[in-house]
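In what follows, a structure is listed as structure tokens, so that the remarks can point back to it.
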Amino acid sequence: MSAGGHGRAVIVVTLCVAMLLVILPMPEWARPFRPPWVTLVLVYWVIALPHCVGVASGFAAGIVLDVLTGTLLGQHALGLSVVAFIAIQLHQRIRVFPFWQQSLGILALLIVEHLFGLWITGATRGIAPPLEYWAGPLLGALLWPWVFVTLRKTRRHFKVS
Amino acid sequence: MVAVILSLTLLLLDHRFHHLQQLRSALTFVTYPLHYLADLPFTASRWFSETTSSRERLLESNRELRTENLRLRADLQKYQSLEAENMRLRDLLDSSFKVGDRVLVAELSSVDLDPYKQQVIINKGAISGVFEGQPVLDANAVMGQVTNVTPLTSTVLLITDTSHALPVQVLRNGLRTIALGTGRIDALKLPYLPTNSDIREGDMLVTSGLGGKFPPGYPVATVNRIDRSPDAPFSNIIAQPSAHLDRSREVLLVWTVPSQPAGDGVADDLPGDTAAGDGSADAAGAAGPAAAPPTATGAEPGA
């Protein structure tokens, strides 16, 4: 079970760091290649503590992300809720996968999330993002092992379980 | 599933009805620390380079600024006499004109937003009197307008965003049209000009003041490509924004101050919204081309 307020604080802080990474300025050419940090961190917590972090947390994180990045309210919330839902369904399987298989699973999750983003941008603004849009999920999947190890260390260090 | 329905409802409300401005403003205020943190390294490095810059460099930049100030003051004298002349001519024509813009300098926050939406965040908010729909300029031209205000920051939608449309006119001949954003930082499109309209590459576009949001006469963009195909009713025109949308660090927020308290000044303000819709629209139409020649004479000696 979650270690009360202490464990929750750790989760919130890691999510905040991920959001900071999302809005940290990058050169113009590198902006489409920004990995989806918040999704990665959220998926980690869902897999690690499915009884504690779930669809509602995904929704809340998504709303905050929408406000932070100035997208339509609900765009990231929708994507992250769906991702959290799928991750909850699959968490027992993903946990026992080796890293490379986990990365493949994460890739699928990230693609689903980006697909929602694509649909919403297409439906509301009538523009299709360039091909670089899909670099986000690929980079995210490549980064997954490091995110996973870092967050697991953090979790064990603060004894959140 | 509840979350999905809730998200979709929020999306719909935000997109279609714009009911969520209050909620968004409140939430933006809550997330202000994150924005502040992301911006912090850049503010700090700038502060550091300012405090450690050498005496020689400061003296040099001071000298440069002094020279520039002198030059600008000379330009301003010319401009003031032209403005006085313009006002006098307008008095003769019995048409009113809004002059006297109050400006406030704001700084962009070094924060990346959604890469597929052209927006920036500035460090002035409701406390400084910023309001929704306020025009934002940089030193060269129009940048965009304020879309969301919180007490300490505001979000600016750039003119190149796909959801932005700006009433403009060609400086050379007063031809009026609308400039739409393309989603690319270096291009605006003018889709509503017939193939035979008088527009050339290199033409300067300025705000026309119609629509009532932007003050008239500010530079917007330069036409840099025209594709006229004989079988299409409208030509395909691309213009490049004159503002340094991707480089400016300082921006100007503009308040338009009506110079004359006379009633007709207010009527001209919102051509479409007044009861005498046709009459005032005509008046505004007449004011459009008339506004161009004096501005042109003002611009040519400088160029």
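Confirm whether A:LEU20 is under 21 Å from B:VAL2 (Cβ atoms) and at pLDDT below 90. No, not satisfied.
All of A:LEU24, A:LEU80, A:LEU40, A:LEU68 fail the test of being crowded, with 18+ Cβ neighbours inside 10 Å and either of a type in the set (S, T, N, Q) or facing chain B (nearest Cβ under 7 Å) (or both), apart from A:LEU68.
A residue that is closer than 25 Å to A:ALA48 by Cβ, touching a Lys or Arg at 6+ places or on another chain (Cβ under 8 Å), at pLDDT below 90 and surrounded by fewer than 17 Cβ atoms within 10 Å (Cβ to Cβ) occurs somewhere in segment A:150-161.
For segment A:84-99, the tally of residues that are within 11 Å of chain B (Cβ to nearest Cβ) and buried (at least 24 other Cβ atoms within 10 Å of the Cβ) stands at 1.
For (1) in a strand (DSSP E or B); (2) without any contact (Cβ under 8 Å) to a residue 24 or more places away in the chain, each residue gets a yes or a no:
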{"residue": "B:ARG88", "(1), (2)": "no, yes"}
{"residue": "B:LEU92", "(1), (2)": "no, yes"}
{"residue": "B:ARG102", "(1), (2)": "yes, no"}
{"residue": "B:ALA106", "(1), (2)": "yes, no"}
{"residue": "B:GLU132", "(1), (2)": "no, no"}
{"residue": "B:THR160", "(1), (2)": "no, no"}
{"residue": "B:LEU166", "(1), (2)": "yes, no"}
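For segment B:1-56, the set of residues classified as of a type in the set (Val, Ile, Thr) and within 29 Å of A:VAL12 (Cβ to Cβ) consists of B:VAL2, B:VAL4, B:ILE5, B:THR9, B:THR28, B:VAL30, B:THR31, B:THR43, listed by residue number. Applying the condition of being crowded, with 22+ Cβ neighbours inside 10 Å and in a helix (DSSP H, G or I) to segment A:43-56 and asking which residue is farthest from the chain's Cα centre (by Cα) yields A:ILE47.
The residue that is farthest from B:LEU13 (Cα to Cα), counting only those in segment B:31-73 that are among the β-branched types (Val, Ile, Thr) and surrounded by 12 or more Cβ atoms within 10 Å (Cβ to Cβ), is B:THR43. Every listed requirement among (1) within 17 Å of B:SER7 (Cβ to Cβ); (2) more than 8 Å from every other protein chain (Cβ to nearest Cβ) is met by A:LEU49 save one, (1).
Candidates in segment A:27-37 are the residues that are of a type in the set (A, V, I, L, M, F, W, C) and at the interface with chain B (Cβ under 10 Å from one of its Cβ atoms); of these, the one that is nearest to A:LEU142 (Cα to Cα) is A:PHE33. The selection criterion, being buried (at least 18 other Cβ atoms within 10 Å of the Cβ), more than 12 Å from chain B (Cβ to nearest Cβ) and within 26 Å of B:LEU10 (Cα to Cα), does not hold for A:LEU115. Can you tell me which of (1) more than 14 Å from chain B (Cβ to nearest Cβ); (2) over 15 Å from the mean Cα position of the chain (by Cα); (3) surrounded by 14 or more Cβ atoms within 10 Å (Cβ to Cβ) is the one A:LEU143 doesn't meet? Going through (1) more than 14 Å from chain B (Cβ to nearest Cβ); (2) over 15 Å from the mean Cα position of the chain (by Cα); (3) surrounded by 14 or more Cβ atoms within 10 Å (Cβ to Cβ) one by one, A:LEU143 breaks only (2). The condition (being surrounded by 19 or more Cβ atoms within 10 Å (Cβ to Cβ), in contact with a helix residue (DSSP H, G or I) (Cβ under 7 Å, 6 or more places away or on another chain) and modelled with pLDDT of 85 or more) is satisfied by just one residue among B:THR160, B:THR153: B:THR153. Taken together, the criteria exclude B:SER7 from residues that are surrounded by fewer than 16 Cβ atoms within 10 Å (Cβ to Cβ) and free of Cβ contacts under 8 Å to residues at least 60 places away in the same chain. For segment B:25-35, the count of residues that are within 14 Å of chain A (Cβ to nearest Cβ), of a type in the set (A, V, I, L, M), under 23 Å from B:SER248 (Cα atoms) and more than 26 Å from the chain's Cα centre (by Cα) is at least one.
The values are calculated or read from the model by the stated rules, or taken from the named source; none is laboratory data. Values in this document were obtained by computation on a predicted structure and should not be read as measured data. Every residue, glycine as well, gets a Cβ built from its backbone with ideal geometry; the counts of neighbours run over all protein chains shown.
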